[in-house]
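The values are calculated or read from the model by the stated rules, or taken from the named source; none is laboratory data. Bear in mind the structure is a predicted one, so any value in this text is a computation, not a measurement. Reconstructed Cβ throughout: ideal geometry from the backbone, glycine too, with neighbour counts over all protein chains shown. Please note that ligands, DNA and RNA were not included when accessible areas were found on the heavy atoms of the full protein model with its side chains. Shrake-Rupley method; radii C 1.70, N 1.55, O 1.52, S 1.80 Å.
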Amino acid sequence: LIYFDLYNAPLVSKMLQATAPHYIWHTTREAIVARILKETNSRSDHFRITINRSKAKGTQIPFTATVFGQTLMLLADQHPRIFKTSKRFWTVNFVGEGAEDAGGPFREHISDICAELMSDTLPLFVPTANNVNNAGECREGFVPRAGATSLRHATMFRFVGRMMGGALRNGEPLNLYLPRLFWKKLLRCPVGLSDVASMDQTCVQCILEFAGLSKYGEAAEEVFDSTFEGETFTTTLSDSTLVDLIPDGAQTIVTYNRCKEYADALTKARLDEFDRQVEWVRDGLLNVVPEIVLALMQPHELEARTCGKPDYMVSELKADTVYEGLTAEDRRVKYMWQVLEEATPKQRRLFLRFVSGRERLPVKPVSYTHLRAHETPEHLVCRLLLEKKKKKKQQNKHKELQKSK
């Protein structure tokens, strides 16, 4: 195994980024990454922070009252080494909740922050067009808000990057739904039109129509006039910002002869719309992990290690469950697993949060022995059953209405 001065070798990082994912086996790269992260972990003072979650409830709450805002104000000035650990970054005390943090409240805290990030509570991320239209891939996806360009926004995005770096180190997944384009940009990988589709399938269809008008032969110009008449060199980004694709684009009409120019400009604008915000996230990430770690990873690998698995097989959960006071053959336990098998992905995430404080399974297996799963199977299954019964009642009412007709 060749040894590099991994922590001060930007040229080596660039070379590895271009070659490692293709020429070094996945298991070997994983082992190298694990070794680097272990050797660069650092010790820091253990922080105990207090969060008032009741302040973060309601609508139109000020930023300083959000869970993310409270956390940022407490930790923004701290050295990033607090995230350079394989353990919890801090211990959290929730005001008025009386929970002793043995791990669960910390995971709840991280989940609360992620839930705010993936919503309109904070000014950092917006839902993708695929999310809004429920079309294409990554239908739960969010992307950085292109209009978030202030110094305060930069601080917030860098903190998100530090949290991502910490997740890489301690294996506690962040419940973030970010499209493939984001992860490729974060690793500075080449991107193309197919990556735009990961956030806006409709835009890609439009681009392909403009670029492929020649397929209509002699009728191409007529098709263009009837379909795209009055189109200007502008586009709307994910955060609803209208931008010019060329200088004075709003005053420039797209003609048939400039179709390809428009398609290329539109593609570039959508690929680059949140570059600045991604760079801030990357800055924060590199405060916590060496650049060589990113060079050794592919986008989907970075996403998996940072955010865990968006869904899971019930068999995976079974494999990592240790029973206390009962057995896997217990009728109640079998009933619990049966209900979970029939649950939707969202219900499975809620169940996982109920028993562990996290909504995603880490890439590495964990034991649920010490978690809230030991409350009894009845407690665990109650939420799913209530929703299931409610749905069944609605179906019965619908059948009765149909009969009455």
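Quick notes on this one:
- Solvent exposure ordering (accessible area, 1.4 Å, most first) of Cys206, Cys307: Cys206, Cys307
- For region 104-155, radius of gyration divided by Kirkwood radius, i.e. Rg to Rh on alpha-carbons: 1.06
- In this rough spin-label picture, where each label sits 7 Å from Cα along the Cβ direction, the Val243-Asn41 distance is 4.1 nm.
- Estimated distance in nm for a label pair at Thr321 and Glu97, the labels positioned 7 Å out from Cα along Cα-to-Cβ: 2.4 nm
- Bins of 5 Å, starting at 0 and running to the largest distance - Cα pair percent for region 166-244: 3, 11, 14, 18, 16, 12, 9, 7, 4, 2, 3, 1, 0
- Kirkwood hydrodynamic radius computed over region 23-129 comes to 16.0 Å, based on all pairs of distinct alpha carbons.
- Label separation (Trp337 vs Ala65): 4.6 nm, computed from points 7 Å beyond Cα along the C-beta direction.
- Loop-resident sites, region 69-136, for GluC sites (Glu not before Pro), counting at most 11 other Cβ within 10 Å (DSSP): Glu100
- Set Lys309/Lys346; Lys38/Lys84; Lys87/Lys318 screened for pairs whose C-alpha atoms are more than 20 Å apart: Lys87/Lys318
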